[in-house]
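Colleague: My structure is below; once you've seen it, I'll send some questions.
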Amino acid sequence: MYRSSNIVARIFNRQICTPAPGTSVHHARRFYENLVPSYTVYEVECPDHSFRKFTDDGQYFISFSRNHQELIVYRPRWLSFSCKDEDCDKHDLPSRAKRFDSFFTQLYCVPLASCNELICKDFFLYWESKQFGLFATSTAQSHDAPAVGGAVHGVPSIEKITFHLLRLEDGEILDKKVFCNDFVNLAHNTGVFLYDDLLAIVSLRYQTIHVLQIRDAGNLVYVRAIGEFCREDDELFLNSNAQGMAFFDKNKQHQFPGNHIDNHMPQGQTNPENSFLSGIKQRLLSFIFQGLWNEERDETLRIQGLRKKFYFHFQDYVDLIIWKVQFLDRHHLLIKFGSVDGGVARNADHHPAFVAVYNMDTTEIVSFYQNSADELYLLFDQFCDHFHATSRNLMYMNFISSHSNNIHAREQLRSIKDKASNPSQFVKKMLASLPFCCQSQSPSPYFDQSLFRFDDKLISATDRHRQSTDHPIKFILRRYPYSLKFKIKPGPEAGSMDGRAKKISSFLFHPILPLALSVQQTLFLQPSVVNIHFRR
């Protein structure tokens, strides 16, 4: 539609031309080719905070104090200054314009953590419709805690994990949810997933998926727990059955007193060491067994297949634990299973893993795949956006580039696949990201691969720290004239003086405005170098 790259000509064309049906938003986003963060203020004077991210609607900027005790929330604003001459672009910015408070206004500072707790700086979830923010604080991990009360051996324990629900408009704490002597993987929102008003929290230590609902009034309401029990009345049924068995045993003891063996267990309670498998594990084993049973019609071949594929691996299936969970919709969960070692490891790519789809309403496993299955990769390849479960009301989240909706991302994936020496390892590497972490990608239009081309090894929409470089990161137009539009350079303008120090960078892009922050830090607790990139 826009043949000229001049913004005035584009505005005029927008007045006289109508885009094709269903493409108006795509054409409007092309204006970002002209509105880019082309100016950089290096080494901005800013408070010594740990900056987290912009909210997905761009209304708030989240940061934490260096001692991880306080939450500081800012409102982004645009830089404004006066100039005596007619052409202000020829002059350098005034000294005050190079300060952090020229771009951000502090709204409030709220203490979240108690004396023995720390804020998890990598955890934050945002519910845009009500402008609620979910934060987490926790005590230190204990790796030698005994596995009691049904806890999994090998999983560390955290004495106290607290989830805080805040109204970001004024910083009021609306509700809290506390988990004691448990373990939830809070790094990069791995163990928690938010879908609309539903919240799923994975307890690795007790293998339970806690499903909560966030009410409009700001209450965290417990909906269900999936793990040991699947249905709400499972526990009641098992307890009543245990009481019936205890009554039967008591009558039997009166009839045959010589056969009684005292196991020192209270009457009406089951022995945890001899209890059933958890409800979710029984559902999984039943699904695997039924699938193998239906594979063969011949009775002899069916028994042989069950021996090789089910009974031989039975203990391996029993030993699986839940690693990670995400919502696919309001009724289905995507659950990742694996070994205990992989569940607590920082990098679990080399550990075998399985992915299952679980229906919360029927409490059934719908499908089950190994993380190297070609069938699962085919679904991931063709319907990647369906795995990025987002709220139905967030239209701008639909423009995050993936190989399912962007031809350039698809060509990039195809190139990586062609270069891979082992197709099976390539499939396993691609599927290692499932289930996706919640709110882990920036909706900024400058990461739209239909608009700009950049080195995704140095920068991408994914919320992760990157190895820092002294060379600027270039953003080049995807369309004619394929020109360089802007650069993002982390660190000092002249480069780092100490080339041996290992540096990492994070990039925080505003979801709407041509505004971004690059934060470079070393591993020796030196002050971070913050640069602000904006359109002047």
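The values are calculated or read from the model by the stated rules, or taken from the named source; none is laboratory data. As the structure is a prediction and not an experimental result, all values here were calculated from the model. As a convention, Cβ positions derive from the backbone with ideal geometry for all residues, glycine included, and neighbour counts pool all protein chains shown. Remember, those area values only see protein heavy atoms, side chains included, never the ligands or the DNA or RNA. Shrake-Rupley method; radii C 1.70, N 1.55, O 1.52, S 1.80 Å.
Every residue, every condition in (1) open to solvent by 80 Å² or more (accessible area, probe 1.4 Å); (2) within 30 Å of Leu236 (Cβ to Cβ); (3) modelled with pLDDT of 95 or more, yes or no:
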{"position": "Leu301", "(1), (2), (3)": "yes, no, no"}
{"position": "Asp329", "(1), (2), (3)": "no, yes, no"}
{"position": "Gly338", "(1), (2), (3)": "no, no, no"}
{"position": "Ala345", "(1), (2), (3)": "no, no, no"}
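Colleague: Still on this model: Which of the residues that make up the range 352-388 are outside any strand (DSSP E or B), open to solvent by 30 Å² or more (accessible area, probe 1.4 Å) and touching a helix residue (DSSP H, G or I) at 6+ places or on another chain (Cβ under 6 Å)? Spell out how you get there, then give the answer.
Modeller: Residues of the range 352-388 that are outside any strand (DSSP E or B), as a first pass: 352, 360-363, 371-388.
With the extra rule that they be open to solvent by 30 Å² or more (accessible area, probe 1.4 Å), the set shrinks to 352, 361-362, 372, 374-375, 378-379, 382-383, 385-386, 388.
Result: Ser372, single match.
Colleague: Residues in the range 9-24: is at least one farther than 18 Å from Phe507 by Cα, touching a Phe, Trp or Tyr at 6+ places or on another chain (Cβ under 8 Å), at pLDDT 90 or above and not polar (S, T, N, Q)?
Modeller: no
Colleague: Okay, moving on. What do you reckon, is Asn398 within 18 Å of Thr23 (Cα to Cα), open to solvent by 30 Å² or more (accessible area, probe 1.4 Å), part of a helix (DSSP H, G or I) and of a type in the set (S, T, N, Q)?
Modeller: When the stated conditions are applied, Asn398 passes them.
Colleague: Residue by residue through the range 50-74, note down the ones that are under 19 Å from Leu165 (Cα atoms) and either among the acidic types (Asp, Glu) or open to solvent by 70 Å² or more (accessible area, probe 1.4 Å) (or both).
Modeller: Passing the criteria: Asp56, Asp57, Gln59, Glu70.
Colleague: Do you know which residues across the range 127-160 are hydrophobic (A, V, I, L, M, F, W, C) and farther than 20 Å from Ser63 by Cα?
Modeller: Ala140, Ala145, Ala147, Val148, Ala151, Val152, Val155, Ile158
Colleague: Does Arg96 satisfy the condition of being surrounded by 13 or more Cβ atoms within 10 Å (Cβ to Cβ) and among the charged types (D, E, K, R)?
Modeller: Judged against the criteria, Arg96 is not a match.
Colleague: Ok, one more. Within the bounds of the range 19-41, is there any residue that is in a loop (DSSP other than H, G, I, E, B), under 20 Å from Lys489 (Cα atoms) and open to solvent by 60 Å² or more (accessible area, probe 1.4 Å)?
Modeller: yes
Colleague: So which strands (runs of 3 or more DSSP E) are wholly in the range 115-225 and hold at least 3 residues that are surrounded by fewer than 18 Cβ atoms within 10 Å (Cβ to Cβ) and in contact with a Lys or Arg (Cβ under 9 Å, 6 or more places away or on another chain)?
Modeller: Strands (runs of 3 or more DSSP E) meeting the threshold: 172-182.
Colleague: Taking the conditions exactly as written (of a type in the set (Val, Ile, Thr), crowded, with 18+ Cβ neighbours inside 10 Å, in contact (Cβ under 8 Å) with a residue 12 or more places away in the chain and within 24 Å of Leu413 (Cα to Cα)), does Ile488 satisfy them or not?
Modeller: no
Colleague: Among the numbered criteria (1) surrounded by 11 or more Cβ atoms within 10 Å (Cβ to Cβ); (2) farther than 15 Å from Leu458 by Cα, which single criterion is violated by Leu523?
Modeller: It fails just one condition, (1).
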